[in-house]
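S.K.: This is the structure, below, for whatever I ask next.
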Amino acid sequence: MSQEKPSQIHPSWQAVIGDEFNKPYMQALRAFLSQEKTAGKIICPPSSLIFNAFNHTPFEQVKVVIIGQDPYHGVGQAHGLSFSMPQGIALPPSLMNIFKEIAADLNIHMSGNGDLTPWANQGVLLLNAMLTVVQASAGSHQGRGWETFTDAAIAALNARREGLVFVLWGSYAQKKGAFIDETKHLVLKSPHPSPLSAHRGFFGNHQFSKINQYLTQHGQTLIDWQL
């Protein structure tokens, strides 16, 4: 069990952040995850989906980065994409609010399917700061090394790419993305879509139309947000 590794990361990401896997913090994280499993804890998402965001959105295909914090910790909810739910799982409040804003901003109907994989396949990197959590225990894998790994991914995009859109909802994401070069990229900030804060400026932020406007200005194909 101590040699168990999470599923492989896409070769395009391996080329730019693969060295992270050999660093002491990642070795410690791998050992920690093994200990958690040995102790009988259920880790979300399943190991095959830990790097789902990277595997659906190769490094050179990223157009938009939406930064989340923690994977969902309910049964069957997390599948490795921030804010996303597998099809057939009831929508959480934050995702419902995201869909409300999209519908209002773009005047489109959202079906209520919470699987955001079609976004990921179009170049939207749905990146949580932590890539694992213990079932029914929110935040249980904070401070174990994932934040360093996902910082490295964001730093690589910031340095090696131009004309990306970074979407930072809430204070946590805004702190995590504070180093992004706003002369090279568009950085969109607003309150979090959580019911606790959505009415303080998430609703009405028109960020989905702003993303597509920016992509158009930079010769990129638009994101089809409709689900």
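The values are calculated or read from the model by the stated rules, or taken from the named source; none is laboratory data. Everything quoted here is computed from the prediction, not taken from an experiment. Virtual Cβ from ideal backbone geometry, glycine too; neighbours counted across all protein chains shown. Areas reflect the complete protein model, heavy atoms only, side chains present, ligands, DNA and RNA absent. Shrake-Rupley method; radii C 1.70, N 1.55, O 1.52, S 1.80 Å.
S.K.: Suppose every K and R has +1 on its Cβ and every D and E has -1 on its Cβ; what is the size of the dipole of the chain about the Cα centre, in Debye to the nearest 20? Each step should come with its number before you reach the end.
M.R.: Working: 16 positive and 15 negative charges, 56 e Å.
The dipole magnitude comes to about 260 debye.
S.K.: Checking a compactness column here: for the chain, what do you get for Rg(Cα) / (2.2 N^0.38 Å), N being the number of residues?
M.R.: Details: Rg = 17.0 Å, N = 227, 2.2 N^0.38 = 17.3 Å.
The reported ratio for this selection is 0.98.
S.K.: Can you send over the carbon and sulfur percentage of the accessible area for the range 8-79, probe radius 1.4 Å, protein chains only? Present the calculation step by step, with values, prior to reporting the outcome.
M.R.: Working: 1740 of 3170 Å².
Answer for the range 8-79: carbon and sulfur cover 55 percent of the accessible area.
S.K.: Give me a comma-separated list of calculated 3J(HN,Hα) values for the range 168-177, in order, Karplus coefficients 6.51, -1.76, 1.60 applied at θ = phi - 60°, integers in Hz, x for any Gly or Pro.
M.R.: Taking θ as phi minus 60°, the curve returns 10, 9, x, 5, 5, 5, 5, 5, 5, x Hz for the range 168-177.
S.K.: Run the dipole for the range 66-192 about the Cα centre, Lys and Arg Cβ at +1, Asp and Glu Cβ at -1, nothing else charged, and hand back the magnitude in debye, nearest 20. Write down the numbers at each step before the final one.
M.R.: Working: 8 positive and 9 negative charges, 28 e Å.
The dipole of the range 66-192 has a size of about 140 debye.
S.K.: Another question, then. Just to confirm the number: angle between the C-alpha axis of helix 207-217 and the first principal axis of the chain, 0 to 90 degrees, nearest 10?
M.R.: 80 degrees
S.K.: Ignoring ligands, DNA and RNA, what accessible area per residue does the chain give at 1.4 Å, in Å²?
M.R.: Details: 10130 Å² over 227 residues.
The answer is 45 Å² per residue.
S.K.: Cα-Cα over 19 Å: which of Lys37/Lys176; Lys175/Lys210; Lys189/Lys210; Lys63/Lys175; Lys184/Lys210; Lys63/Lys100?
M.R.: Details: Lys37/Lys176 28 Å; Lys175/Lys210 22 Å; Lys189/Lys210 12 Å; Lys63/Lys175 21 Å; Lys184/Lys210 16 Å; Lys63/Lys100 23 Å.
Beyond 19 Å: Lys37/Lys176; Lys175/Lys210; Lys63/Lys175; Lys63/Lys100.
S.K.: In the range 51-147, which trypsin sites (Lys or Arg not before Pro) are in a loop and have at most 13 other Cβ atoms within 10 Å, using DSSP for the loop call?
M.R.: Details: sites: Lys63, Lys100, Arg144; in loops: Lys63, Arg144.
Passing sites in the range 51-147 do not exist.
S.K.: Then there is this: Once phi is turned into ³J(HN,Hα) by the Karplus curve 6.51 cos²θ - 1.76 cosθ + 1.60 with θ = phi - 60°, what whole-Hz value does each residue of the range 79-96 show in order, with x for glycine and proline?
M.R.: Residue by residue, the range 79-96 yields 9, x, 10, 4, 6, 8, 10, x, 4, x, 8, 4, 5, x, x, 4, 5, 4 Hz.
S.K.: Go through Thr57, Gly76, Gln213 and say which Cα lies farthest out towards the positive end of the charge dipole of the chain; charges sit on Cβ, +1 for Lys and Arg, -1 for Asp and Glu.
M.R.: Most positive-ward Cα: Gly76.
S.K.: Then there is this: With every protein chain kept in the model, how would you rank Tyr25, Tyr172 by accessible area, 1.4 Å probe, largest at the top?
M.R.: Tyr172, Tyr25
S.K.: With θ set to phi - 60° and the Karplus curve 6.51 cos²θ - 1.76 cosθ + 1.60, what are the ³J(HN,Hα) couplings of the range 56-61 in order, to the nearest whole Hz, using x for Gly and Pro?
M.R.: Each residue's phi maps through the Karplus curve to give 7, 10, x, 3, 6, 9 Hz.
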